[in-house]
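Notes follow once the structure below has been shown.
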Amino acid sequence: MLDDDVCRKTSGNVASRNGLKPRQVAAIEILVSGGNMTEAAKAAGISPRTLERWLTRPEFSGALQAMQTTMLKSITSRLTGLAGKAVNTLAELLSGEGVSDAIKARVAVAALDSVMKWHQGMALEERLATLEKEVTRIPKLR
C-alpha cells in the first residue's frame, strides 16, 4: 500500500472539496492505496454493494479520480527526486572494482533500456504536439 501520510493528507483535501462523508473518505483511501473493493467496504463499515453504488455517483467517483491523480503526481515527484541517486548507483556499479561482469552487463542493459524508453516517450510527445497543432488548423465541420 502507498504512503499512509500522503494518502491521509490528500484524502482530507479531496474530501473537503467534494463534501464527502468520513465513510466515503475511508473507502477512497483504501482504494487509492491499493486495496480492493472488499477491503475498502470493510474499512468504511459498509457493504460492497453500497460501495458499488457510491462509485456510480459523480461526486464520489470524481473524488476518487482526483485523489488517484494527486497520488500519482506525488509518487512521480518522489521518483523524480530519486532519479539522481539511481543514476549515481548505476554509474558506481558500472565502474566499480569487484563488481562482476554479469552485474555490469545487467546494469548496462537496464540503463540503455531506460534511455530508449525515455527517448520513445519524448518522440511520442513531439508527434502528439505536432498533431494537436495541425488539428487546430482544420476547419470545424458543422
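Evaluate segment 88-98: report whether one residue or more is touching a residue at least 24 places away in the same chain (Cβ under 8 Å) and either in contact with a His (Cβ under 8 Å, 6 or more places away or on another chain) or aliphatic (A, V, I, L, M) (or both).
Within segment 88-98 (the criterion being touching a residue at least 24 places away in the same chain (Cβ under 8 Å) and either in contact with a His (Cβ under 8 Å, 6 or more places away or on another chain) or aliphatic (A, V, I, L, M) (or both)), the answer is no, since none of the residues qualifies.
Can you name the condition, by its number, that residue 74 falls short on among (1) modelled with pLDDT of 95 or more; (2) in a helix (DSSP H, G or I)?
With respect to (1) modelled with pLDDT of 95 or more; (2) in a helix (DSSP H, G or I), residue 74 is out only on (1).
Any idea which of 42, 85 is basic (Lys, Arg), surrounded by fewer than 10 Cβ atoms within 10 Å (Cβ to Cβ) and assigned to a helix (DSSP H, G or I)?
Just a single option satisfies the conditions, and that option is 85.
So is residue 26 surrounded by fewer than 15 Cβ atoms within 10 Å (Cβ to Cβ) and at negative phi or not?
Judged against the criteria, residue 26 is not a match.
Is segment 57-69 home to any residue that is outside any helix (DSSP H, G or I), in the same structural domain as residue 32 (by TED's automatic domain parsing) and closer than 30 Å to residue 40 by Cβ?
yes
Exactly one condition in (1) outside any helix (DSSP H, G or I); (2) surrounded by fewer than 11 Cβ atoms within 10 Å (Cβ to Cβ) is not met by residue 99; state its number.
Residue 99 satisfies all of (1) outside any helix (DSSP H, G or I); (2) surrounded by fewer than 11 Cβ atoms within 10 Å (Cβ to Cβ) except (2).
The values are calculated or read from the model by the stated rules, or taken from the named source; none is laboratory data. Computed from a predicted model, the values in this text were never measured in an experiment. Cβ sites come from the backbone with ideal geometry, for glycine too, and all protein chains shown count toward neighbours.
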